[in-house]
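**Student:** Sharing a structure below in structure tokens format, with a few things to ask.
Throughout, read-outs are computed from the coordinates displayed, never taken from laboratory work. Remember, predicted model here, so these are calculated numbers, not experimental data. Cβ placement follows ideal geometry from the backbone for every residue including glycine, while neighbour counts extend to all protein chains displayed.
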Amino acid sequence: MKTMNVGRIPISLKMLLTLVIATCAFTSAANAQPSFIGKFTLPHEVRWGQATLPAGEYFIRMDPSGPVVVTEAKGDRTVFIKPPIVGDSEEGGRHLTITTQGNDRMVRSLNLPEIGKSVIFAPLSKGEREVLVQRHQIDSVRVVTAKK
């Protein structure tokens, strides 16, 4: 009498299952709606994460699970920024917070009061924030909701 080994799954079936799972995962990711799309104008060159962005108009797109995507409005350059820290929103409108130290400007956060969140790219301690405010080294850049 021949016994059947029930514990073994043929390689072709494993490959088929992997393909089906990957297809479902990529399809749902492709159809996911961004949590935010905005447009802003940088009056000066800034550092944002590891990238340096020249003055100009930009779009920002944030998806629920993934990096922040910043694209020049003219479409010449796209920058991916590691997923940020999310905190409670600050008072005021929707804006980028940019600090200045010498000639160096850095994007620190994006305030999104309509959802009650602030997206933090480069955190500041309370003491650092107070010193920068006293020295007038914190600026805000307005961000508007946009459709690309």
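**Student:** About the Cα centre of the range 33-145, how large is the charge dipole given +1 on each Lys and Arg Cβ and -1 on each Asp and Glu Cβ? Please answer in debye to the nearest 20.
**Tutor:** 120
**Student:** Starting from 0.36 nm per residue, how many nanometres of slack lie between Val131 and Thr145 once their C-alpha separation is accounted for?
**Tutor:** Gain on stretching Val131 to Thr145: 1.9 nm.
**Student:** Which order do the peptides 109-117, 96-104 come out in when sorted by mean C-beta neighbours inside 10 angstrom, highest first?
**Tutor:** 109-117, 96-104
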